[in-house]
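The values are calculated or read from the model by the stated rules, or taken from the named source; none is laboratory data. Please read all numbers here as calculations on a predicted model, not as lab measurements. Here the Cβ is made from the backbone with ideal geometry for all residues, glycine too, and neighbour counts use every protein chain on show.
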Amino acid sequence: MNSIARYLLGYLVIHILLISIVQAFFCQDLKILELTLIFGAFGIAFFNSKKITLEKSDIIIAFLFVFLNIYYTFIELKGLIFFKMTYVILLSMLLSKVILPFISSNEYLKKINLIYLILLVGLVIEYLYIAIFGNKFLVDLFMCNGEMTGVRGYIELYNITREILPYHIQGLNSLMMAQQGGQTASQLAVIIFIWYLFKFQNNKDRINLYLALLAVLMLFLSPTIASFFLLFISIGIIYLLYLKTILNEPIKSFLNLYVSIFIACFIIYLLVKILTVKHTSLDFVYEKYILGSVAGFTKFNLKEILLGVSYERELELFKLGEISYVTQLIKFGFVGVGVFYLSIFYYIIRVFSNKNVQAIVPNIFIIGVFILGNAHYPVMFTLGVIELFVLHLAYIIYAGSNVKKNKF
Amino acid sequence: MNEFTLFNALNIIKRHLLVTIAIFFAAFWVLPNLNILENQYSAQKLIKPGSHHKSFLLPLLDYQNINGILSSTSFNNYLNQATNGSGVASFKITENNIGNMFLIFKSHNKESIINTADSLMKKLQEFDNNSIQVKIEEINEILDVDREILRVLLESNNDYFLTEKDIEEWAKKQKEYDLAIQDVNEFNQKYKINLVSIMNYKSEETLRQVKLQKDILHQQKKIEDLEFILTEGFKPVSYLFPVTESDISKYFPNSLIFFGLSLIAAFLYNLILLLYKFRKSFN
């Protein structure tokens, strides 16, 4: 079983790093691999079923997802719209049963670390390559008409730095390709920053600090507004976590407070500036993106609030799909969205009961950032990224499980 | 046993597979007869847009207009009053690629679909009829003028004919004229003018008659055309076929929904069973 777990984890690393590139290169939708992966993981669990320990929560959550899928498919007749969310939870659950109990946490985290390292190096190489040779070769190599094939290849993205820097380099696509426009690369940069910052905090190896700063640099070289928000929120939370450690120390000077207030004001000013780069005012942004996305909810009935609306009604009531949470609420209702996010939330809460596991905070933090990223485009649900998210969630599920607790 | 493994779960599911299948089929057989789900009906009607004669352009309702009217609050208020308490069916207008407009009605009550469809179309027709009425009045005015012209033409017809009285009067004048110009020796010269006059008169008379008849015929044709346009030239928006009960079909609950519900029942049994066994395994 140990070797199977290693092979499966190895396959997942290759899958995460290459799936988007292969998909774009052959211009062929490879979403079917998600189904293969989940059946494959279940197959491994099935043939080693004596070694797979179940918990009450696993049974309840798995059945809840099965019920919701049956409901959306057969009763609402919306097809497999709930598959992605089911995939995330069930695959995480399966990986936490078939990989993590059979390999060490260190080995598992090293693989995640390797993924982030390759992604970061990929971003740097991509930037340098575009700067020196331009992006024509990449665009030609991974050209794929998304509207016709459902696959988005390498895209020439607008880069906001052209307004600031004396030269213009298109936005980065990353190894995951621009499946959600410029959001994919920039959001990954934020996550890589968090990963290496916590790694630095843990082992004080300066190379991790440099890698974290390099990730931030890549974000600044190919930024998006949503990712900037994520970065600022992340820094804010990291600062609060830091404050927690010095809470009992006596206050010697208020200088830091003044600096913090200044930084907070500067960040707010910067955010307003960033938000108003493309649009005339914050009023316009609020009216177009916020009100336009939520106004249709006033016409929902109780069933629609709970279980979502039909596709036709969605088209009729909503003109915009800029906020991914809202889109999910429209499609799945509070029950569908609630079951998904509350399941993740449950696993996060549960993991805190086990203090003996390493790297809980960065994993939870990254899960949180992926989920927060849904405030705009759902980067975490794109091919490759979804499996990366699953790796973190699987770790959290395993870390909070009785299997892990019994190990100590 | 203090550990509940996937093997245990699969064994429990395997042992109760027959019961699960029995529950599924029992639910699938029983559920449709229980009437626990309210029937939902739908009807799709093709809308024929209003038409006008090509000579009289008219702003009749198109997809945008109809969509705007149907989504207005006042229209909903009107439907609430017009359906006489049978309830207003939900409706939606769509347009396909080739420009056909469809109205889709949905309700739990067949009667409300028919009432809503009828009331809705009556109101839409009011909009078209108002536009058509303005054009009809305009055509009626044209018709009044044309009928008057025809009357004048018909009445003027007799004035062209040479009556016996006219000939007698002409002959009498001719005699007087002959007497007055007896000194003219040349006979031909004497009568030549008169013959030419008669010839000219006949020729003009014929042409005039032909022209008059043509004018009358044209005028009559024009009036007939306008009268035809009045009766057949303008049609308000309507359904291609009238709304009948045979157009309404039940769409909910269908067999797929009962299949889904039966599946949920079967899985629910398994969930309860697994949770029970799980609990038992730790006791």
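For the reader, a short list of remarks on this structure follows.
- Leading residue by the ranking (surrounded by the fewest Cβ atoms within 10 Å (Cβ to Cβ)) among those in region A:61-88 that are of a type in the set (A, V, I, L, M, F, W, C), without any contact (Cβ under 8 Å) to a residue 60 or more places away in the chain and not in a helix (DSSP H, G or I): A:LEU80
Matching residues to (1) within 30 Å of B:ASP225 (Cβ to Cβ); (2) surrounded by 13 or more Cβ atoms within 10 Å (Cβ to Cβ); (3) in contact with a helix residue (DSSP H, G or I) (Cβ under 7 Å, 6 or more places away or on another chain):
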site	(1), (2), (3)
B:LEU79	no, yes, yes
B:ALA89	no, yes, yes
B:GLY99	yes, no, no
B:LYS123	no, yes, yes
B:GLN133	yes, no, no
B:LEU153	yes, yes, yes
B:ALA171	no, no, no
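- Residue satisfying condition, being of a type in the set (Val, Ile, Thr), more than 30 Å from B:LEU217 (Cβ to Cβ) and either in a helix (DSSP H, G or I) or in the same structural domain as B:LYS202 (by TED's automatic domain parsing) (or both), within set B:VAL134, B:VAL145, B:VAL152: B:VAL134
- Within region B:228-283, restricting attention to residues that are of a type in the set (Ser, Thr, Tyr) and in a helix (DSSP H, G or I), the residue that is surrounded by the most Cβ atoms within 10 Å (Cβ to Cβ) is B:SER262.
- Test for B:PRO49: is it under 30 Å from B:LYS222 (Cα atoms) and surrounded by 16 or more Cβ atoms within 10 Å (Cβ to Cβ): yes
- B:PRO242 meets the conditions (1) at pLDDT below 85; (2) within 14 Å of another protein chain (Cβ to nearest Cβ) in every case but one. The failed one is (2).
- Subset of region B:2-38 that is out of contact with any Lys or Arg (no Cβ under 9 Å at 6 or more places or on another chain) and not in a helix (DSSP H, G or I) - its residue that is nearest to A:SER401 (Cα to Cα): B:GLU3
- Scan of region B:44-74 for residues that are assigned to a strand (DSSP E or B) and small (Gly, Ala, Ser), ordered by number: B:SER51
- Evaluated against (1) in contact with an Asp or Glu (Cβ under 6 Å, 6 or more places away or on another chain); (2) within 14 Å of chain A (Cβ to nearest Cβ), B:MET101 falls short on exactly one condition, (2).
- Being at pLDDT below 90, among the basic types (Lys, Arg) and in contact with a strand residue (DSSP E or B) (Cβ under 8 Å, 6 or more places away or on another chain) is a description that does not apply to A:LYS31.
- Of the helices (runs of 4 or more DSSP H) lying entirely inside region A:221-311, those containing at least 3 residues that are aliphatic (A, V, I, L, M) and within 23 Å of A:VAL190 (Cα to Cα) span A:225-245, A:255-278.
- Looking across region A:29-56 at every residue that is more than 10 Å from every other protein chain (Cβ to nearest Cβ), in contact with a helix residue (DSSP H, G or I) (Cβ under 7 Å, 6 or more places away or on another chain) and of a type outside the set (A, V, I, L, M), the one that is surrounded by the most Cβ atoms within 10 Å (Cβ to Cβ) is identified as A:GLU34.
- Filtering region A:224-259 to residues that are surrounded by 15 or more Cβ atoms within 10 Å (Cβ to Cβ) and either in contact with a Ser or Thr (Cβ under 6 Å, 6 or more places away or on another chain) or charged (D, E, K, R) (or both) leaves A:THR224, A:SER227.
- Selection status of B:TYR41, modelled with pLDDT of 85 or more, surrounded by 15 or more Cβ atoms within 10 Å (Cβ to Cβ), assigned to a helix (DSSP H, G or I) and away from chain A (no Cβ under 14 Å): no
- The residues of region B:40-78 that are in contact with an Asp or Glu (Cβ under 9 Å, 6 or more places away or on another chain) and closer than 20 Å to B:VAL243 by Cβ, listed by number, are B:ALA43, B:GLN44, B:LYS45, B:PRO49, B:GLY50, B:LEU61, B:TYR63, B:ASN67.
- Test: residue in region A:57-71 that is out of contact with any strand residue (DSSP E or B) (no Cβ under 6 Å at 6 or more places or on another chain), modelled with pLDDT of 90 or more and within 14 Å of A:GLU387 (Cβ to Cβ): no
- Residues located in region A:122-151, provided they are more than 24 Å from the chain's Cα centre (by Cα), in a helix (DSSP H, G or I), exposed (fewer than 12 other Cβ atoms within 10 Å of the Cβ) and not aliphatic (A, V, I, L, M): A:PHE133, A:LYS136, A:ASP140
- Condition broken by A:LYS404, with the remaining ones in (1) crowded, with 16+ Cβ neighbours inside 10 Å; (2) at pLDDT below 85; (3) under 28 Å from A:THR184 (Cβ atoms) satisfied: (3)
- Verdict on A:ASP58 being under 25 Å from the mean Cα position of the chain (by Cα) and not in a loop (DSSP other than H, G, I, E, B): yes
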